[in-house]
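Please read the structure below before turning to the comments.
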Amino acid sequence: MAGAPPSYCFVAFPPRAKDGLVVFGKNSARPRDEVQEVVYFSAADHEPESKVECTYISIDQVPRTHAIVISRPAWLWGAEMGANEHGVCIANEAVNTREPAAETEALLGMDLVRLGLERGTTAKEALDVIVSLLEEHGQGGNYYEDANSCHSFQSAYLLVDREEAWVLETVGKYWAAEKITEGVKCICNQLSLTTKMDAEHPELRTYAQSQGWWTGEDEFNFSQIFSPADDHPDNCAGKDSLEKQEESITVQTMINILRDKASGVCIDSESFLTTASIVSVLPQNRSSPCIHYFTGTPDPSRSIFKPFIFVDDVKLVPKAQSPCFGDDDPAKREPRFQEKPDRRHELYKAHEWARAVIESDQEQGRVLKKTMMELEKQGLEAMEEILSSPEPPDPAEVGDLFYDCVDTEIKFFK
């Protein structure tokens, strides 16, 4: 498990994306048996000088945090991917770089995803939050719930809002970022920034020189300088999936790309699986709501993408949340991960049955999958109506949207 698993994040801007919509998507490739939960946290005010307990360390809390919805491995505090009430979406990738990642416990890349969402009202603001926390606390610690060895990685991020996206790539506390406002972009588990950087750590170049990785005379190419010598470009074989699309890109296009196993975008290998996925649509017209589709279950090709819309009174969805073990959680006790509790939530358990049927019984599996796709299609069509309507949606109706979809899915599997 030395290498980072090939997760993919994508974004498409108009006119490549349809109808003035920014479309964002991510597959989270993680250890096969890991459970991801989908959790909503409302906006909150915090006492002065209070702390926030992240996965491994506590840091200073801010006076106010935004409402967020995230998909996360159930044992940790942060998030693999998610969105906030201001239409900011963030996903991260574990990356291998020339400089090994620290095993010392600090902030995880996934903690920084959540902190960026809680504290940033735009993609750029979230980026500023992440890099300042990186400078202050550093990144490090085990990425997996594994007592036998520490898997630590550097991080890359895709941060998106209705106007623009930023690709942020980090090596320890050093970083570089590129702004994107058009076309399509994919990031995978390798450094991708080259010579176009719109922001960078003030000492990035000095540091590269001090390590003997850059002469100071050649053009400064971030990924050439910081990638490991044994980096294989073909590890991100599915990178062009979005660019190859000839039609304009819709939510359905993005879902289809995330489901594609042949391209390598949907991972299903001996060690790793796409354990959860997200697709978000961010209308550039601010009077339309942003819609975020989560699976909350493994393997998008056998999962239903379910919509979520931010309103003041969102109904919580305990059936997509893992059991809470509090301070007794083996991930919180040191030495960590001495045992693995059963973190499966109700939706995950119901979905396990469906996966087993699809794998074992051709005919029943085919019928089941067809009905699942029909359920998903109804949700997508209802969301299309909301996006094309001149009126904003009724908060009372969309507040329990995700709850109802999860409920319907579980009942259907039973």
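The values are calculated or read from the model by the stated rules, or taken from the named source; none is laboratory data. Predicted model only: the values in this text are computed from it and were never measured. Reconstructed Cβ throughout: ideal geometry from the backbone, glycine too, with neighbour counts over all protein chains shown. Ligands, DNA and RNA are stripped out before the accessible areas are found, and what is left, the full protein with its side chains, is counted by its heavy atoms. Shrake-Rupley method; radii C 1.70, N 1.55, O 1.52, S 1.80 Å.
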Check: If you plug each phi of region 300-309 into the Karplus form 6.51 cos²θ - 1.76 cosθ + 1.60 with θ = phi - 60°, what whole-Hz ³J(HN,Hα) values come out, in order, with x for Gly and Pro?
Finding: x, 6, 10, 10, 9, 7, 10, x, 9, 10
Notebook entry, point to check: Taking all protein chains as present, what is the carbon and sulfur share of the accessible area of the chain, in % to the nearest whole number, probe 1.4 Å?
Noted result: 45 percent
Notebook entry, point to check: Convex hull over the Cα atoms of region 323-414, averaged projected area in nm²?
Noted result: 9.1 nm²
Notebook entry, point to check: How large is ³J(HN,Hα), in whole Hz, for each residue of region 287-297 in order, when computed from phi with the Karplus curve 6.51 cos²θ - 1.76 cosθ + 1.60 and θ = phi - 60°, using x for Gly and Pro?
Noted result: 7, 9, x, 7, 10, 10, 9, 10, 8, x, 9
Check: Given H placed on each backbone N at 1.01 Å, which residues far from residue 61 in sequence or on other chains put an amide H within less than 5 Å of it?
Finding: 50, 51, 52
Next item on the list: Using the 4.7 Å Cβ rule, please list in number order the cysteines from the chain without any candidate partner.
Entry: 9, 54, 89, 150, 186, 266, 290, 324, 405
Next item on the list: Please state the charge dipole magnitude for region 146-255, taken about the Cα centre, from unit charges on C-beta atoms (+1 on K and R, -1 on D and E), reported in debye and rounded to the nearest 20.
Entry: 240 debye
Item checked: Listed residues 258, 330, 92: farthest to the positive end of the dipole of the chain (Cβ charges) -> 258
Note to self: Can you give me the accessible area per residue for the chain, using a 1.4 Å probe, in Å²?
What the structure shows: 42 Å²
Item checked: Highest to lowest packing among 273-279, 59-65, 172-178, scored as the average C-beta count within 10 Å -> 273-279, 172-178, 59-65
Item checked: For residue 199, distant residues with modelled amide H under 5 Å away -> 177
Note to self: If the only charges are +1 at each Lys and Arg Cβ and -1 at each Asp and Glu Cβ, what is the size of the charge dipole of region 327-392 around the Cα centre, to the nearest 20 debye?
What the structure shows: 340 debye
Margin query: Under 5 Å between amide hydrogens, which residues at least 5 positions from residue 276 or on another chain qualify, with H placed 1.01 Å from N in the peptide plane?
Written below: 28, 299
